[in-house]
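One structure below.
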Amino acid sequence: MDISLRSRPSQAPRKAQRSPTTKLAKPGAGVTPRERGKNRIDDKIKKRMSTRYADISSPTQLSGVPPMPSLMGLIPAGERAAIGGREGEEDVRDRTGTKDDVKAVSDDKRLLSDENFDPAAYLKLKLANSTESELKTLQSSLRSAVDDTSAELQRSVFKNYAEFVLISKEISVLENEMLELKDLLSDYKSMPSTLHIPDPTSTSSSLMSTYKRSSVADLRVLYFNQMQALHASIEGASKFVPTMPGRHVVGEIENVFSLNAATYKVTGKVKFVILDDAVLVAKRRRRAANAGADGGGSTVNEGKLVAEKCWLLNEMLVLDTKDTPSMTNVFKIKHNKETHVYRTESPADKKGLLAQFRQVAEELSQKKRKEREGEHERRKSMWQGAGGVSTGIGGRNSPVPPVPDWMAELAKRGGDIPGIAVDAKEKAERDTRWVGEWSDDLTIAIALKEWGKAVDLVEKGQAKVGVIPLLSTKLSHLTGQLITSLLASLALSSVRKSTVVAHISLLNRLKAGAAARSTFLEMRTGVIHALTRKIRFEGHIGTFIGELAVVYFTGIKHTADWYLASFKENEVASSFITWTKDRIEEYAEIFRKQVYSNEVDTKIVEEAIHITQTQSKKLLQEYGLDFRYLLDDILLEHQKEQSKFSSAFSFQEHPKPPKL
């Protein structure tokens, strides 16, 4: 059968003819290389053409996509070398472009980090010949640079936070020290004018040598000049603070508002002058013209300063007042029973004024303490020969005759011997200062409830009252105040045994034992009554009587324990016996009201009496308090009638003793 080469045979005959051809081949020959390569290329082309791809509009971050297979098997050997050469050139160009991009980015970062960076010139350079893709690249690079810079700054802050805090604190401390140094330098510059000496920075050393001073003499002159200037500037100041050795001006502050103590309304402006031992308050006198223009009610002060008030530092008390929304920078000054209210313009003025008050008061107290110690040593050294010492005044080898015993005793008590000690004026001033300090210490001790210290001060004042007559008035007043405070503390129902014993011992030292006994017994009576009111009556008389007996008899037992621990004298036991009798009578009255009634059973009455006797034996008799003789009479129903008949006394019941 002839087959034309122009016509394509059908598939079925071709398959039928292939198999015999293959079968007729020589054994072991296989498929030729040309047919094997052709079949492999056909299969790959069919597989590639049958593969479908998704329509992807933009790059995505996909994972798991297989790499594109190489087409080197589909290209003949002659063309493979040419394609390989072109791909190598493209790879070289890609690597070169990537290196150029990295270099451009690093150049941009170096330009952005330059101290002399010019944004306008940079943008002009980048936007001159840039395409849209280059602009987008520039935008992304700038954003990445911003993100990198912020992240680097955050890491730097986190890393150096502790150092930042430490440096900021050091800077604040250094700033405060520089301000203090500035103030000190300003004070140093003004010191020559204050001391009335030439400026050492503008005069020669030969001229300054003439102004080398003796500190004591020049200080006296300086203080004297200060007081004279104060008397000249403030009218009436010489009356309140006359010139005295050592008195000088510590500080001054103006524009302080004086307020009404009741309404807190401004009454005028005053000036505070703080001296080493006193405080002077001066007020400006109103001018007649201002008074007429304002209708006599103006608070504008334009006249001369006039001394208004003056207080000694040891007789006044400065109180700081807490600021409120309606009133700020207010402080009070208490002197005796008067209270004066003032207000400053700023918190700094108030703080400085209170600090000056505190500093001057501390310096004054130290000065007084040194004076007292010096006076004590002087007297001790003066009178140490009074007891027979061989040296000193009154000794055997001394030309001065020995001091009499009554004078030595007077010296030991702290008195002044006429003709030997200081004069009467100095003694009066010294006594006044001592009384003021003593009263302040005692008042503070009472306010802080330091009872032991307060009683010691009272005893010290009682020892001095014979030498210091001025002390008697304050001693009686403060002693009464201390006794009242102690009694108020003793009257509290929450006090314990140790506190009661301590308070009563202090009151005995103050000779207030009778008031202490009555207050203590009244307090115990109140405790028993309070516990009695807490007892609930639920219908059973025996239970109620048992609880009532426990409350009363336990209270009597504890009161006896506390009373005997506080009062050691046997003479005061009668007060406790009287109090105990009253409490038992109260118990008996409550007992009769609860037990005896019209329809009461005899067994209930006997049970209540038995409970009372049992509790009395358990709580009182075992501790030495036997009141059976009293309970047997007052627990009866008709005790009052029996007591009336038994109270009658007759001589016939008592026979006369036989005559001897």
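Per 0.36 nm of contour for each residue apart, how much would the distance between Q139 and A514 grow if the chain were fully extended, relative to their Cα-Cα spacing?
Contour length minus Cα-Cα distance gives 125.0 nm.
Mind checking the dipole of the range 133-202: about its Cα centre, +1 per Lys or Arg Cβ, -1 per Asp or Glu Cβ, Debye to the nearest 20?
That gives the range 133-202 a dipole magnitude of about 300 debye.
Using the count of nearby Cβ atoms within 10 Å as a rough guide to exposure, how do K370, K44 rank from fewest to most?
Placing the least packed residue first, the sequence is K370, K44.
Compute the length gained on full extension between L153 and E377: take 0.36 nm times their separation in residues and subtract their Cα-Cα distance, giving the result in nm to one decimal.
73.4 nm
Number of Lys-Lys pairs in the range 507-640 under 20 Å by Cα, sequence gap 8 or more or different chains?
Lysine pairs, 8 or more places apart or on different chains, close enough: 13.
What FRET efficiency, computed as 1/(1 + (r/R0)^6) with R0 = 51 Å and r the Cβ-Cβ distance, is obtained for K169 and E569, rounded to the nearest 0.05?
Once the sixth-power term is evaluated, E becomes 0.15.
Sort F567, F591 by Cβ crowding within 10 Å, fewest neighbours at the top.
By the 10 Å Cβ count, ascending: F567, F591.
If I model a spin label at S130 and V266 as a point 7 Å from the Cα along the Cα→Cβ vector, what separation in nanometres do I get?
6.5
Take E363 and K337, extend 7 Å from each Cα along the Cα→Cβ direction, and tell me the distance between the two endpoints in nm.
That separation, rounded to one decimal, is 3.5 nm.
For a quick check: sort R533, R430, R358 by the number of other beta carbons within 10 angstrom, fewest at the front.
Neighbour counts put them in this order, fewest first: R533, R358, R430.
Name the long-range amide H neighbours of G251: under 5 Å, sequence gap of 5 or more, or other chain; modelled H, no Pro or chain starts.
Under 5 Å from the amide H of G251 lie the amide H atoms of I274, each far enough along the sequence or on another chain.
Would you please classify the overall shape of the range 238-362 from the alpha carbon gyration tensor, given that a ≥ b ≥ c denote the square roots of the eigenvalues, rounded means a/c under 1.5, and beyond that prolate means a/b larger than b/c while oblate covers the rest?
oblate
No value in this document is a laboratory result; all are computed from the given coordinates. Given the structure is predicted, the values throughout are model-derived calculations rather than measurements. Because the Cβ atoms are built from the backbone with ideal geometry, glycine has one as well, and the counts that use them run over all protein chains shown.
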